[in-house]
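What follows is a single structure, written as structure tokens, with notes after it.
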Amino acid sequence: MNQNNPNVRLTRRPLFRASLLLLSACLLQQPTASAQPEPGSLRPVPQVALHVTPRVAPQVDPHHDLLATEGVWQADVRPNGIQMRFEKEGYAGKGVNGTSFSESEFSRLPREQPGAFTLTREAGTMEFTGKFDGNKGQGRYRFVANPTYRATMQKVVADDLNDLDQMTLFFVNAKAADAQMFNRKGYSELRKDDVIALTALHVDEAYLQSLQQSGMASLSLENVVAFKALGIDAPYIKALRDAGYTDFSAEDVIVRKASGRAPNQPRTIRPLPKTPQSKKADDR
């Protein structure tokens with residue numbers, strides 16, 4: 001390959017798609033990539049692995065159904081909000097962690113005597129009883145699902161939602177208007193977990209529009225989630241094009257960003273051995 005040729009094609013890596021089905025019921029924190037790029041190549045070797053940690057979504061032990069619409073709560077008041085733990089009755093210490101709310105979302109918190117308070121979002125209302133003593137709080141909760149929200153969401157989400165599903169959507173504060181927007185953008189096969197992931201990552205219409213305008217049209221939901229989780233945006237795509245790369249797929253961009261490589265380094269690549277998957281991709 002001519003080192004002076006700026007029209008360089010980013011290497012494909014179809015198998016990377018399998019590692020990007022993120023957030024079955026979670027939100028994302030900063031992903032990290034564990035791979036060292038081969039000198040002169042845009043493809044990291046060995047395979048890139050994304051290690052994703054939930055930020056504020058319910059993280060339930062896979063061996064127990066620990067989340068319920070009624071149970072007990074514990075809270076820590078912190079400078080950036082109220083961190084709450086929700087536990088199913090009888091599962092003390094094994095509940096749902098890391099759900100953070102702004103104090104302004106609650107009705108008046110009971111600080112001296114036990115009392116009742118609420119937090120209302122589109123998906124429903126969380127009814128609390130208990131009290132706060134200093135920066136600690138505890139008591140009981142009950143989630144009341146909003147039937148109007150469910151009726152609206154059922155028109156755009158393929159899953160049959162139940163109260164527990166709505167409670168999960170409540171935690172991430174998923175808006176029905178956002179789900180409708182994803183439908184309008186061509187994502188007609190939305191699932192509940194898709195809405196959770198997209199909401200958690202703050203994927204909005206402006207972000208989707210900017211990607212389309214940068215030439216990354218018709219991205220799958222999987223790729224949209226991966227792009228946002230990795231911080232891939234329109235300026236990053238533009239930097240790739242400015243560096244001379246003109247023929248690349250969404251997967252190519254994901255691999256490059258996950259490997260930690262700057263978009264303009266290097267300009268040329270050393271071809272890697274063809275695999276059956278890459279040959280099929282090239283034939284297309």
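Can you put 157, 77 in order of Cβ neighbours within 10 angstrom, beginning with the fewest?
77, 157
Taking the mean number of other Cβ atoms within 10 Å as a proxy for protection, how do you rank 168-174, 217-223, 101-107 from highest to lowest?
My ranking of the peptides, most packed first, is 168-174, 217-223, 101-107.
If you wrap a convex hull around the alpha carbons of region 100-251, what volume per residue comes out, as a whole number of Å³?
Taking only Cα atoms, region 100-251 has a hull volume of 126 Å³ per residue.
Can you give me the P(r) profile for region 204-263? Cα pairs, bins 10 angstrom wide beginning at 0, each as a whole percent.
22, 64, 14
Which three numbers, in whole Å and largest first, are the semi-axes of the equivalent ellipsoid of region 167-252 derived from its Cα gyration tensor as √(5λ)?
Those come to 26, 12, 11 Å.
Within a 10 angstrom radius of the beta carbon, how do 216, 153 rank from fewest other beta carbons to most?
216, 153
For residue 257, give me every one of the aspartates and glutamates with a C-alpha distance below 12 angstrom, ignoring sequence neighbours fewer than eight places off in its own chain.
Partners within reach: 233.
Values quoted throughout were computed directly from the atomic coordinates according to the rules given, and no laboratory measurement underlies them. Values in this document were obtained by computation on a predicted structure and should not be read as measured data. Glycine gets a Cβ as well: all are built from the backbone with ideal geometry, and neighbour counts include every protein chain shown.
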